[in-house]
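Report on the structure given below.
Taken together, the values in this text are just the output of simple stated rules run on the coordinates, not laboratory data. Everything numeric here is computed off the predicted structure, so don't read it as measured data.
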Amino acid sequence: MEIFYKEKLPFDQDVMEAVKRMMIQDEGDDFTLYGRTGSGSGVGCYVGFIKTGGPAYRFATNISGTGTEAKEITMNILKKYRLSS
């Protein structure tokens, strides 16, 4: 996620920007949340990053369960630390 966030992958800038636009999950006055869920064989994940008025935070949540459950856990953590609404 770090090299994707910093746009250090061997893809055209336009492609990386398009993927980032597709990853937008939520936006507020002072944040933009980018993420994707994934599930398979009893494992779920939610990976992405959140841009705030300050630093950006990258995250990866991997659980026994579904991607939807991983996203819910991540969202609860982001809300706890007031990084998302």
> Across region 28-38, in residue order, what do the Karplus-derived ³J(HN,Hα) couplings come to in whole Hz, using 6.51 cos²θ - 1.76 cosθ + 1.60 with θ = phi - 60° and x for Gly and Pro?
Replying inline: x, 4, 10, 7, 9, 9, 10, x, 9, 9, x
>> Counting only Cα atoms, I'd like the Rg/Rh figure for region 2-80, Kirkwood definition for Rh.
In response: 0.99
